[in-house]
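Notes to accompany the following structure.
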Amino acid sequence: MAVTMTDHRGRPRGLSTAALLAPAVAAAFGGSVAWAADHPPAAVATPKPAVRAETGDDTAKKIQDRQRAVERIRKEIASLQFDVDQGKGAPSRPVRSRTDGTSAATPRGSAKPKPAPDARAKTAAPPIHATTGAS
Amino acid sequence: VTTHVTPELTVVFTAMACQVTLRVIDAGPEARQALVAARRAFERVEAACTRFDPGSALMRANADGEAWHQVPEECYLAVAGAARAHLETDGLFDPRVLDTLVALGYDRTLPFRSGLVRVTGTGSPARTVRDPWLPGLDPRMRSVQLGADRVDLGGIGKGLAVRLAARALAGAGRGHLIEAGGDCHVRGDGPDRDGWWIGVEDPSGGPEPVAVLRVLDGGCATSSLRIRSWHVNGRPVHHLIDPRTGDSAEGGLRSVTVLDDDPVRAEVWSKALLIAGRSRIAPLATDRGLAALWVDDDGRIDKSAEMASSVVWEANDAH
């Protein structure tokens, strides 16, 4: 008795469709590549970076900006450390920055421990403006 | 009438073998001019008082110590200040250490910040000075007579430069900070209006300060063995010479910080107290009413009663 499996008839049809389409797709892609190779991309106007000599003021400003950044980060660390020491999970108040860029104040009584002349602090050092030491 | 106020002006430059920072807050219209004048004060003091230039006023006066030499104002002020400091400290501050420093191999600028410095020299003290130093001073002619022993004005010169720069910046803004390799001067109540917060460097080299001081107006200086220490013929030495021994001070202290209205006096006493040593520093600071904080060879931090009110934070001890 002859047995016919319909499955066997469907698969060859699908394969032959792909085989028919493949050369057309390849030709279209190849044509695109060939066209692109013959046509360099159009020049796009991009703004050139301004170039100027760096002056002493620029250098001083850069240093000043970095000093401010260092100071800001130190204050943030001090604030975080204080909160950790106080058993808090997060700073009670965010560290704020001043618009004039001077050393940003951390909240009073939060980041800076109160002066305790004879008590050795157990917190991290508070933010500072300058250092005295060996030269 | 509109008054233009610049929030802050900062100038950074190198002078006297250190980085100098001049900072004016709420700068007024004359601030830029004042900053230029302050910077020039450093340059003039350095030119007049350096020992590394044989043509400087100091070294010309050193070359023939028995003769009178007319010198620039900065050199005259430094010599006069050194003479006063010598008397005030009962000889603990003595600038007649130049030949000892040379004998220890410190006869040129040494690369202290690039690691351990090893030099050769005689390694022996030039001489032990016991007689008082009484230089000739003629203010009218602005002349000096240094005497037989060659003089080094390095430390007091920097204090003088800070003092002159502070005068130049006096009216520049709401306040100022002068930071010159360990010597500072501040004026006003600081950027946050709660004073200037000054960290005292760990003399052992740790990154965190050993204390933080709150200063409103005045000078601050630290003498420390942290940087200017080296080996001569394999022997460890440093730049703070004890005039009683003619050798590097071995008093058991690593650093001393002093606050004083006058940055020259702060500089002088920080050095004198370090030379005085661990056993004498507390009674001497108390006796002279000095605001002093010190770190000893064991890393212990201590301070005088005068200093206590200025300390806002203090480490448990130095490393």
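Evaluated at 10 °C with a viscosity of 1.306 mPa s, what Stokes-Einstein diffusion coefficient in µm²/s does the stretch B:26-153 have when Rh comes from the Kirkwood expression over alpha-carbon pairs? Please report the intermediate quantities before stating the final value.
Details: Rh = 16.3 Å.
After rounding, the answer is 97 µm²/s.
Cα convex hull of the stretch B:278-319: mean projected area in nm², to one decimal? Mind dumping the intermediate values first?
On the way: hull surface 11.7 nm².
Mean orientational projected area (the stretch B:278-319, Cα hull): 2.9 nm².
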Rounded accessible area of B:His69 (nearest 10 Å², 1.4 Å probe): 40 Å²
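Just to verify a number: FRET efficiency for B:Glu43 and B:Gln70, C-beta to C-beta distance, R0 = 25 Å, to 0.05? Could you put the intermediate results ahead of the total?
Details: r = 20 Å, r/R0 = 0.81.
In this case the efficiency is close to 0.80.
Would you work out the relative contact order for chain B, in percent, from Cα pairs under 8 angstrom that are 6 or more residues apart? Walk me through the intermediate numbers first.
Values: 702 pairs, mean separation 58.0, N = 319.
For chain B, the relative contact order is 18 percent.
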A:Lys62: which aspartates and glutamates have alpha carbons under 13 Å from its alpha carbon, excluding same-chain residues fewer than 8 sequence positions away? A:Glu54
Can you list the residues, at least 5 places off or on another chain, whose amide H is less than 5 Å from the amide H of A:His129, using H built in the peptide plane? B:Trp197, B:Ile198, B:Gly199
Expected unfolding gain across B:Asp298-B:Thr14 under the 0.36 nm per residue rule, minus the alpha-carbon gap, is 98.9 nm
Heavy-atom accessible area of B:Thr122, protein chains in place, probe 1.4 angstrom, given in Å² to nearest 10, is 100 Å²
Computed helical MRE - 222 nm, chain B, DSSP H runs ≥ 4 contributing -39500 (n - 2.57), nearest 500: -9000 deg cm²/dmol
Additional length obtainable on full extension of the chain from B:Asp90 to B:Arg113, 0.36 nm per residue less Cα span: 5.0 nm
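Mind checking the full-extension length gain between B:Asp317 and B:Val36? Use 0.36 nm per residue of separation minus the Cα-Cα distance, one decimal, nm. Could the numbers behind the result be given before it?
Working: separation 281, 0.36 × 281 = 101.16 nm, distance 4.02 nm.
The span from B:Asp317 to B:Val36 would gain 97.1 nm if fully extended.
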Using the heavy atoms of the protein chains alone and a 1.4 angstrom probe, what is the accessible area of chain B per residue in square angstrom? 40 Å²
Which Cys in chain B stand alone, with every other cysteine's Cβ at 4.7 Å or more from theirs? B:Cys18, B:Cys49, B:Cys75
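Determine the relative contact order of the stretch B:115-259: mean sequence separation of Cα pairs under 8 Å and six or more apart, normalised by residue count, in whole percent.
25 percent
Give, to the nearest whole percent, the P(r) tail of the stretch B:43-105 beyond 20 angstrom, counting all Cα pairs. Let's see the in-between values first.
Numbers: 566 of 1953 pairs.
Every Cα pair in the stretch B:43-105 considered, those over 20 Å come to 29 percent.
Roughly to the nearest percent, how much of the accessible area of chain B is carbon and sulfur, given a 1.4 Å probe?
Numbers: 6320 of 12840 Å².
Reported share for carbon and sulfur atoms: 49 percent.
Using the beta-carbon distance between B:Ser279 and B:Thr122 and R0 = 45 Å, what value does 1/(1 + (r/R0)^6) give for FRET efficiency, to the nearest 0.05? Write down the numbers at each step before the final one.
Values: r = 30 Å, r/R0 = 0.66.
Efficiency at R0 = 45 Å is approximately 0.90.
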Could you derive backbone 3J(HN,Hα) for the stretch B:188-205 from the dihedral phi with the Karplus parameters 6.51, -1.76 and 1.60 (θ = phi - 60°), listing whole Hz in sequence and x where the residue is Gly or Pro? x, 9, x, x, 9, 6, 10, x, 8, 9, 10, x, 9, 4, 6, x, 7, x
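Could you state how much accessible area is buried at the A-B interface, both sides summed, with a 1.4 Å probe, in Å² to the nearest 100? Before the final figure, lay out the partial values.
Working: alone 11560 and 14400 Å², together 22610 Å².
So the total buried area for this chain pair works out to about 3300 Å².
What FRET efficiency would be calculated for the residue pair A:Thr123, B:Asp287, taking the C-beta separation as r and a Förster radius of 41 Å, to the nearest 0.05?
On the way: r = 34 Å, r/R0 = 0.82.
With a Förster radius of 41 Å, E is 0.75.
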Reported to the nearest 10 Å², B:Phe52 has, with a 1.4 Å probe, an accessible area equal to 90 Å²
Largest-first ellipsoid semi-axes for chain B, taking √(5λ) over the Cα gyration tensor eigenvalues, angstrom: 30, 25, 18
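The values are calculated or read from the model by the stated rules, or taken from the named source; none is laboratory data. This structure is a prediction, so every number in the text was calculated from the model and none was measured. Note: ideal-geometry Cβ built from the backbone for every residue, glycine included; neighbour counts use all protein chains shown. Only protein heavy atoms, including side chains, enter the accessible area calculation; ligands, DNA and RNA are left aside. Shrake-Rupley method; radii C 1.70, N 1.55, O 1.52, S 1.80 Å.
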